[in-house]
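Enquirer: Can you read through this structure? Questions will come right after.
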Amino acid sequence: MNKIKEKENIKSLLKKDFILLKIYKKSILLMSLFFLISIVSTIKSSSKNNISIYIVLISVFYLLFSLSYSSLYIDDGSRFYEYVKFLPINIKDYVKSKYYFAGIIYFIEFIIFILIAIFLFNLETLKVPIVLISAQILTGGIIINIFFKYGQEKVRFISTSLFMMSFLILLAFTKLGMGLLSIGLLSIYYMKFFPFVFLIISIIVFIIFMNKTVKMEEEKC
């Protein structure tokens, strides 16, 4: 009976979080448009070293990464988490719903890149986004934990720092030559098992941090 109630609670909380995504509707549509343009320009261009393509891709990854924990900002702003303590919803269910929400975003992102790899490129090119998505899963699990532990200001600082680091690394590659970036991407492309091992490790760490966050929040109450 408790398991059924837990599933229903998490399902309801997930519905709420996806409804709240409407707030970011314009950003999602705009970034989707830029993403489609970057894919089309990549196919038509004889040169794959177009800096704008890399900028758009980093922006898309950052947007999806931000969306994975966006509901935490909204709940924090509306003090929804404080009300949860007085509702017939376990803290455990609430925390799990945030990790499940992030997991669904990463899964959707993963499916999108699988389809792109199958229909537009070589399936082997999927190894690069697998590494990037794995990094998102790994970082996302930690960031949600930090949000519950230290609040949104700390998370805002970390996520902004990660975004800036991505552009600084990209800028460094452009100064050294885009060929160096291509070599870096190709090194991932030719790796046999590392992307998949990294994905499995990231999922395990994600689950560990979910359980750790649940335990931490239950001890507070």
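Enquirer: Using a 10 Å cut-off on Cβ atoms, rank the peptides 196-205, 76-85, 130-139 from the highest mean neighbour count down.
Expert: 130-139, 196-205, 76-85
Enquirer: List the aspartates and glutamates whose Cα lies under 17 Å from the Cα of residue 154, skipping any in the same chain that are fewer than 8 positions away.
Expert: Filter leaves 75, 76.
Enquirer: Would you mind computing, in nm to one decimal, how far apart the modelled labels at residue 86 and residue 2 are, each placed 7 Å from Cα along Cα→Cβ?
Expert: 2.6 nm
Enquirer: Which of the pairs 149/212; 15/98; 5/212 have their Cα atoms more than 19 Å apart in this structure?
Expert: From the list (149/212; 15/98; 5/212), the Cα-Cα distance tops 19 Å for 5/212.
We did not get these values from a lab; they are worked out from the coordinates using the rules stated. Keep in mind the model is a prediction, meaning the values are calculated, not measured. When we count neighbours, we look across all protein chains shown, and the Cβ atoms used for this are built from the backbone with ideal geometry, even at glycine.
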